[in-house]
Amino acid sequence: MRRIPFKETSFILEMLSEDFGKISVIAKGIRKEKNANYGIIDILNELEVVLYKNPSSEWYIFKSGTLVKAYLYETEFTKSLYMQAAAEFLLQIIIPEEDAHKLFRLIKDYFDFLGKVIGNEAIVFWRFLLRALVILGIEINMRNCVICEKRENFPVAYFPQKSGFICENCFRPHLKEEVIELDKKVSKIIRNIYNSNKLLNDLLLSAETVSQINSIFLIHLSEHFHKKFHFKTLALIK
Ligand SMILES: [Zn+2]
């Protein structure tokens, strides 16, 4: 997910592993030109690796690896940013070991699916986030109003404290301080986010719409992890 230069010739690799979740790996001497492993440790490469770890240390030592798939290879710019945004998300959260396997599978499916869609990558990204939030047990309710549980005239506003949205009937002026009112287009996407791929094909997303939905996810994440979240990569999308 990330590699940080360490000393003259080494890297610290932050990796997502299927069995242990996020791990920090020291790849000693890997930046030497002759090192056979240098080419395989690019960002978002899927690897099979042999690691060593002293039981008393939190660090793993990189021994050898084989490339399974290079997700960013020949991937168009926008898609590559949405892939990196998912990695950015994983880097910012705490991954309990028991969720590692599901998140690992999810991100692979996400990368594969993203590779196939034409346009509206943001929707694929939001669905990825929603699934990840379910795995982590901090779901956002996109299905019905968090006050009356109905789906008529839903949703008109996002209600951070209740991890969901409210309908037109439940919206009251005194809630204005606590909720974020939604643009009509945003409302339509939220309502249909799980509806097949019709949404993917029919919709033309504006920058404002994408930005409002991204900010809802960021607020939700900040509420649950009690720190500020960001998707720096998404700021690069034109
Ligand atoms: Zn309601």
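With helices defined as uninterrupted DSSP H runs, which ones in the chain have an alpha carbon span along their own long axis of at least 15 Å and mean Kyte-Doolittle hydropathy of at least 0.0?
Passing helices, by number: 77-92, 121-135, 207-225.
Counting Lys and Arg as +1 and Asp and Glu as -1 over every other residue whose Cβ lies under 10 Å from the Cβ of residue 101, the net charge comes to -3.
Considering only 11, 113, 154, the Gaussian network model of the chain with Cα springs below 10 Å gives its largest mean-square fluctuation to 113. Under a Gaussian network description of the chain, with springs only between Cα atoms under 10 Å, the residue in 81, 103, 199 that fluctuates furthest is 199. Springs between Cα atoms under 10 Å define the GNM used for the chain, and in it the highest mean-square fluctuation of 22, 228, 102 occurs at 228. Remark: relative contact order (the chain) = 14 percent; criterion is Cα-Cα distance under 8 angstrom and separation of 6 or more residues. Over region 162-233, the ratio between the Cα radius of gyration and 2.2 N^0.38 Å evaluates to 1.23. Relative contact order of region 90-152, taken over Cα pairs closer than 8 Å and 6 or more residues apart, is 28 percent. So for region 41-161, what percent of the C-alpha to C-alpha distances run longer than 18 Å? The answer is 64 percent, as a whole percent. Counting charges near residue 151 (Lys, Arg +1; Asp, Glu -1) among other residues having Cβ under 13 Å from its Cβ returns a value of 0. For the chain, the mean residue ellipticity at 222 nm estimated from helices alone is -11000 deg cm²/dmol, where every DSSP H run of n ≥ 4 contributes -39500 (n - 2.57) and the total is divided by all residues, rounded to the nearest 500.
If you take all other residues with their beta carbon under 14 Å from the beta carbon of residue 52, and give Lys and Arg +1 and Asp and Glu -1, the sum is +2.
Any idea what diffusion coefficient the chain gets from Stokes-Einstein, in µm²/s, Kirkwood Rh on alpha carbon pairs, 4 °C, 1.567 mPa s?
Diffusion coefficient, whole number: 66 µm²/s.
Remark on region 2-70: Rg and Dmax equal 11.3, 33 Å (Cα only).
Each reported figure results from applying straightforward, stated rules to the coordinates on display, with no laboratory input. Please read all numbers here as calculations on a predicted model, not as lab measurements. So basically every Cβ, Gly included, is an ideal-geometry build from the backbone, and we count neighbours across all protein chains shown.
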